[in-house]
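Below is one structure, written out as structure tokens; the observations come after it.
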Amino acid sequence: MRASQYFLPTLKEAPQEAQIISHQLMLRAGLVAQASAGIYSWLPLGNLVLNNIARIIREEQNRIGAHEVLLPTIQSADLWRESGRFDAYGAEMLRIKDRHDRDMLYTPTAEELMTDLARRFVRSYKELPQIWYQIQWKFRDEIRPRFGVMRGREFYMKDAYSFDLDEASARASYHKMMVAYLRTFARLGLTAVPVRADTGPIGGDLSHEFHIVAKTGESLLYYDKELDRLMQDPSTVDVERLMSLYAMEETMHDASNCPVQAENLNQARGIEVGHIFYFGTKYTEALGATIMDASGKSIHPHMGSYGIGVSRLVGAIIEASHDERGIIWPESVAPFKVALVNLKVGDVACDTMCADLYAQLEKTGVSVLLDDTTQSVGAKLATMDLIGLPWQVRVGPKGLAQGLLEVKNRRSGETQELSAEAVIQMLTERLGA
Ligand code: ATP
Ligand code: MG
């Protein structure tokens with residue numbers, strides 16, 4: 001993409017209302033624009049990040065055999081009356097009347113509609129287990145929307161639902177999902193600590209929240225330091241071992257009865273980016289969803305539900321990965337992998353070199369934002385640091401005279417002078433498709 005033709009409305013100063021760094025940087029880097037309280041428009045750069053996160057989530061859900069569906073955002077109140085949640089959900093649910101005066105709602109979550117699909121289309125134990133997921137907008141009329149996309153009213157969520165014959169098999173699905181979450185967060189460049197959670201209004205008896213440790217987190221966590229060591233390589237984590245370690249939110253932590261010695265206990269603030277539940281037959285009973293078991297008996301399938309806050313993750317990644325100059329995207333979610341900065345637009349050698357590099361990198365699947373604007377060098381470099389692409393390649397007349405380009409790694413700040421061939425080789429090896 002050529003910056004001169006792109007839509008990248010960056011801001012010098014963060015608007016007053018943005019209190020935390022991720023909100024400030026998201027507005028300054030032109031990722032989102034507020035549409036109304038707790039509701040955001042996603043601009044091109046932000047939309048690319050959102051889609052990259054969704055793609056990684058999707059790959060890891062598919063890997064455990066979950067099937068992607070897409071359910072409506074506007075739902076009839078009828079099903080929610082069957083479960084009792086049309087009244088129980090409270091003011092967070094956005095209720096709507098259609099022209100026939102029928103009660104509708106904007107989905108805050110989708111247990112009812114998913115359970116209804118199982119009720120209508122799954123007949124036998126032979127069809128189980130099933131895990132269905134979607135990545136879809138949700139609406140919750142949060143009393144205090146704040147911190148930008150971190151606590152929005154409209155937000156993007158991955159929500160999955162598992163259906164199993166019995167508790168043992170449902171726990172196996174829960175397990176699989178936990179592994180998928182650990183892989184997902186690791187690929188997003190994050191360490192997400194699984195914390196034992198209160199099951200709240202969704203109910204049930206087994207639940208974990210996944211928290212990104214960050215100073216601005218809304219939750220206070222207490223957890224066994226062993227978790228930090230285990231999470232250094234989440235791909236090899238033994239889930240049983242992980243689940244056996246102490247990790248609680250403040251509301252569930254009791255210092256006087258804590259099984260972990262004070263010196264082995266970490267205290268940190270966390271941002272909740274995922275939440276998983278096993279809740280047995282709560283919804284299948286309420287909605288009368290039954291299947292035939294192996295002996296021909298009619299039973300209610302056991303369910304779990306599993307959320308990830310996709311739009312919240314954009315903010316959480318920035319909270320975990322930034323410096324005083326701006327965002328530092330992990331390569332896996334970066335909107336473009338490389339910022340190619342033409343330091344002297346109009347200089348034939350610079351223009352030709354940039355056009356060449358751009359074409360060669362794009363050809364090998366490395367996405368590039370070419371800064372071909374006529375801003376000052378200082379402004380260009382500040383913008384590129386702000387938007388946080390992992391690699392910067394700077395092309396200027398002085399270096400070119402010696403056949404050299406400057407390559408900077410945004411995270412380490414390290415710069416190298418390399419020939420064009422060496423730049424292409426290094427970047428395609430690291431980043432190419
Ligand atoms: P919270 O305690 O933060 O309100 P929750 O327990 O209500 O979260 P779930 O119903 O489990 O959240 O939703 C799944 C995920 O969706 C959460 O882990 C979080 O990452 C995300 N999420 C929930 N509410 C919001 C919101 N208002 N804005 C952005 N993301 C949200
Ligand atoms: Mg909530």
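Structural remarks
- Flag for ILE135 being β-branched (Val, Ile, Thr), more than 12 Å from ligand 1 (Cβ to nearest atom) and either at negative phi or outside any helix (DSSP H, G or I) (or both): no
- Filtered residues of segment 320-361 (kept if over 26 Å from the mean Cα position of the chain (by Cα) and surrounded by fewer than 18 Cβ atoms within 10 Å (Cβ to Cβ)): LYS344, VAL345, GLY346, ASP347, VAL348, ALA349, ASP351, THR352, ALA355, ASP356, ALA359, GLN360
- Unique match (being away from ligand 1 (no atom under 11 Å from the Cβ), of a type in the set (Gly, Ala, Ser), in the same structural domain as THR216 (by TED's automatic domain parsing) and not in a helix (DSSP H, G or I)) among SER173, SER162: SER162
- Those strands (runs of 3 or more DSSP E) of segment 64-115 in which 3 or more residues are surrounded by fewer than 19 Cβ atoms within 10 Å (Cβ to Cβ) and touching a His at 6+ places or on another chain (Cβ under 6 Å) are absent.
- Scanning segment 276-316 for residues that are in a loop (DSSP other than H, G, I, E, B) and surrounded by fewer than 24 Cβ atoms within 10 Å (Cβ to Cβ) turns up THR281, LEU287, GLY288, ALA289, THR290, ASP293, ALA294, SER295, GLY296, LYS297, HIS300.
- Being touching a residue at least 12 places away in the same chain (Cβ under 8 Å) and among the small types (Gly, Ala, Ser) is not true of ALA168.
- The condition of being away from ligand 2 (no atom under 16 Å from the Cβ) and modelled with pLDDT of 95 or more holds for only one of ARG99, ARG140, ARG151, that being ARG99.
- Here ARG146 meets each of (1) touching a Lys or Arg at 6+ places or on another chain (Cβ under 9 Å); (2) closer than 20 Å to ILE39 by Cβ with one exception, condition (1).
- The residues of segment 218-235 that are under 15 Å from ASN266 (Cα atoms) and assigned to a loop (DSSP other than H, G, I, E, B), listed by number, are LYS225, MET231.
- Checking ILE271 against (1) surrounded by 17 or more Cβ atoms within 10 Å (Cβ to Cβ); (2) over 27 Å from THR109 (Cβ atoms), the condition it does not meet: (2)
- Against the list (1) crowded, with 19+ Cβ neighbours inside 10 Å; (2) among the aliphatic types (A, V, I, L, M); (3) over 18 Å from SER76 (Cβ atoms), the condition ILE143 fails is (1).
The values are calculated or read from the model by the stated rules, or taken from the named source; none is laboratory data. From a predicted model like this one, the values you see are computed outputs, not experimental measurements. For neighbour counting, all protein chains shown are included, and Cβ atoms are generated from backbone atoms with ideal geometry for every residue, glycine included.
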